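Step one of this worksheet: look at the structure below.
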Amino acid sequence: MKRAPSPDDSPLVLKFDPHTIEHLGSNMYSRLPNAVAELVANAYDADATEICVRVVGSGVTQHIVVDDNGHGMSRDDVRDKYLRIGRNRRGSATTAKSESGKRTVSGKKGLGKLALFGIGHQIEVSTTRRGEGLRLHVSMDWADLIGTNDGDYQPESKSTPAEAAAHGTSVRVSKLTRTSDISPSELAEALSRLFHYGDNEVHLKVIGRDGSEIPVTRELRLSTIAEEFAWSVPNDLPENSDKPGVIGATGRVVAAEKPLPTAMRGVAVYANGRLVNEPEFFGASDSSYAYAYLTGYVAVDDLDAIKPDVVATDRRAVNWDQPEAAKIRKMLKGMVEEIAQSRKQLRAAKKRKQLEDQVGIDPDNWADTVKGPEKEPLRDLIKIIESDETDMSDEDRGKAVRSLKGIAPPYADLIWRHLHPSIQGASATYFKSGDYYQALLEACKQYVADLRAAAKLPDDAEDSLWGKALGEGNSPRLNFTNRFRSGNPCISGPTARNLENGQRELSKAIWSAFRNPLSHEALETIKSLGVISHQDCLDALSLLSHLRRRLDEAVLT
């Protein structure tokens, strides 16, 4: 038995308020580059090979014009496609191709056209379908649209003749919601971060008020960064890594020389030429100091093919919780972690090379040249300067290394003694190699040679040299106290004689203690017994240096 009809059997109709457009489109695209990007994407989907974004005028009169040489739209296209809100051009297909069949289109939700009302209240579309010979002009006004009562808006339109060969679309956005002047260079850079089109596919450029052209390329997005290192994805990742290449991912990640602004940190993700996820580190531990330097991009077209759609309407984030997307995110996380580790290793090698160039010795060996208790503090300081966790610029790092080298140079034990250059020069090579016996022997020989030259006794034997060249005696000999005695009663004759004789006896004693006996023993025997230690050598060299300086002060009298 049929149920009796209700008193009101009129059709049920779904109606919408025009203010819905604010929520669906205009409020979601308040950023000018993101809104302009929708026009660029439409042009790309229309098989355009040339897309031009022009900034015209300034202040309240400025406006944006986007021209393309795509296949254009007929009146039916404008009515049934362009003016239809929410049209899914892909339908049930995972992906859709442009008319030429050469491009995978990015438009899916049919809401992008509403983005323009987020930046301007007057939209004028001028388009010519390839081969039609007519140009259709459509004008849409925000106040008229939002004032529609029944949800049906009829924009103004007219047609004018066009050349038969003409085709393409021009969109003018005016009555902008901003009054500050748009920077063409900043707009170009922002667009470069929103698109990943190949240069062989389409030429995109921004033209400024003065007619200057700025090509929008992949390189532009990283052009302001002073690169220190760079990785090509997936080629430069470790061989044993779970490479993003298995999902067809390609891209480039760079490490800057200095910490990046927060907004630039992270890796952006693109799909089919458009940004789908703003820069991030995909769950990697971005608290690490290294991540303050990393930025870049990676293209993963598979993200655009996931059903249901995981890309947000404004194309700024991916729903990584979806199982297929989660697998991709895990792979990207591993990629970021591997690059961060690679940067750490490259930085360590670079800083080590810088230290070696500045100091003239491998950093590990620097501390090893010091034998005293200062070795470990020196090693700790070198590690701090080398560490990637030390917040220090390369310039400051270089200053620190040079200062540390001045305080504790390689073989600092030898340098800290401030030995006379003649003694240091004769002994340094053997001292640095650990041959302390030979270092002292060479220093003794050098002192004897210098004494002979100063006393003008080149042929005298060493054992008779001391009495002829130094101390009291009738023959001409070296005297270093005369300069103190002139007009100075504190240096009397006996005092001066004692000083001069002390120079002679100390010289003779060192020769007797080291040079004379050591020269009569086999070299290997002396070394094996350890007769001359590191400290013995330094102490004896200091005494020889004292005596050698006396020669510089002496005159032959």
If we scan segment 327-342, do we find a residue that is open to solvent by less than 10 Å² (accessible area, probe 1.4 Å) and of a type in the set (D, E)?
no
Which condition does E186 not pass, out of (1) within 20 Å of R315 (Cβ to Cβ); (2) open to solvent by 40 Å² or more (accessible area, probe 1.4 Å); (3) touching a residue at least 24 places away in the same chain (Cβ under 8 Å), if it passes all the others?
(3)
Could you give me the residue pairs with C-beta distances under 7 Å whose first residue belongs to segment 411-435 and is of a type in the set (V, I, T), whose second residue is assigned to a helix (DSSP H, G or I) and modelled with pLDDT under 90 wherever it lies, and which are 6+ apart or on separate chains?
none
Here is a check on your reading of the model: is K205 open to solvent by 80 Å² or more (accessible area, probe 1.4 Å), in contact (Cβ under 8 Å) with a residue 60 or more places away in the chain and either assigned to a strand (DSSP E or B) or among the basic types (K, R) (or both)?
no
Residues of segment 192-209 being under 26 Å from the mean Cα position of the chain (by Cα) and modelled with pLDDT of 95 or more, in sequence order, are none
R84 being assigned to a loop (DSSP other than H, G, I, E, B), at pLDDT below 95 and open to solvent by less than 20 Å² (accessible area, probe 1.4 Å)
no
For segment 172-190, which positions are modelled with pLDDT of 95 or more, closer than 30 Å to D144 by Cβ and of a type outside the set (D, E, K, R)?
V173, S174, I182, L187
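Return yes when L136 is crowded, with 20+ Cβ neighbours inside 10 Å, of a type outside the set (F, W, Y) and farther than 19 Å from Y44 by Cα and no when it is not.
When the stated conditions are applied, L136 passes them.
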Those residues that are touching a residue at least 24 places away in the same chain (Cβ under 8 Å) and open to solvent by less than 60 Å² (accessible area, probe 1.4 Å), I need them from segment 208-226; list them, please.
G208, S212, I214, V216, T217, L220, R221, L222, I225, A226
Whichever residue in segment 255-303 is of a type in the set (F, W, Y) and in contact with an Asp or Glu (Cβ under 8 Å, 6 or more places away or on another chain) and, among such residues, is nearest to S223 (Cα to Cα)
Y293
Test L440 against the stated conditions and say whether it is closer than 23 Å to L543 by Cα and surrounded by 13 or more Cβ atoms within 10 Å (Cβ to Cβ).
yes
Residues (surrounded by fewer than 20 Cβ atoms within 10 Å (Cβ to Cβ) and within 12 Å of A443 (Cβ to Cβ)) located in segment 409-420:
R417
Identify, by number, the condition in (1) more than 18 Å from the chain's Cα centre (by Cα); (2) open to solvent by 20 Å² or more (accessible area, probe 1.4 Å) that V310 doesn't meet.
(2)
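Looking at the structure I just gave you, is V276 over 22 Å from the mean Cα position of the chain (by Cα), open to solvent by 50 Å² or more (accessible area, probe 1.4 Å) and in contact (Cβ under 8 Å) with a residue 12 or more places away in the chain?
no
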Across segment 456-511, which residue is modelled with the lowest pLDDT among those that are among the hydroxyl-bearing types (S, T, Y) and out of contact with any Asp or Glu (no Cβ under 9 Å at 6 or more places or on another chain)?
S486
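Every residue, every condition in (1) crowded, with 21+ Cβ neighbours inside 10 Å; (2) at negative phi; (3) out of contact with any strand residue (DSSP E or B) (no Cβ under 6 Å at 6 or more places or on another chain); (4) of a type outside the set (S, T, N, Q), yes or no:
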| position | (1), (2), (3), (4) |
| --- | --- |
| G425 | no, yes, yes, yes |
| S433 | no, yes, yes, no |
| L451 | yes, yes, yes, yes |
| K456 | no, no, yes, yes |
| D460 | no, yes, yes, yes |
| G473 | no, no, yes, yes |
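Quick grid of which residues meet (1) within 23 Å of P244 (Cβ to Cβ); (2) charged (D, E, K, R); (3) in contact with a strand residue (DSSP E or B) (Cβ under 7 Å, 6 or more places away or on another chain):
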{"residue": "V300", "(1), (2), (3)": "yes, no, yes"}
{"residue": "D304", "(1), (2), (3)": "yes, yes, yes"}
{"residue": "A312", "(1), (2), (3)": "yes, no, no"}
{"residue": "Q345", "(1), (2), (3)": "yes, no, no"}
{"residue": "E356", "(1), (2), (3)": "no, yes, no"}
{"residue": "K371", "(1), (2), (3)": "no, yes, no"}
{"residue": "P377", "(1), (2), (3)": "no, no, no"}
{"residue": "K383", "(1), (2), (3)": "no, yes, no"}
{"residue": "D396", "(1), (2), (3)": "no, yes, no"}
If V254 satisfies all but one of (1) under 30 Å from K97 (Cα atoms); (2) open to solvent by less than 10 Å² (accessible area, probe 1.4 Å), what's the number of the condition it fails?
(1)
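The values are calculated or read from the model by the stated rules, or taken from the named source; none is laboratory data. All of these numbers come straight from a predicted model, not from anything done at the bench. Methodologically, a virtual Cβ is constructed for each residue, glycine included, from the backbone with ideal geometry; neighbour enumeration extends over all protein chains shown. The accessibility values were calculated without ligands, DNA or RNA, using every heavy atom of the protein model including side chains. Shrake-Rupley method; radii C 1.70, N 1.55, O 1.52, S 1.80 Å.
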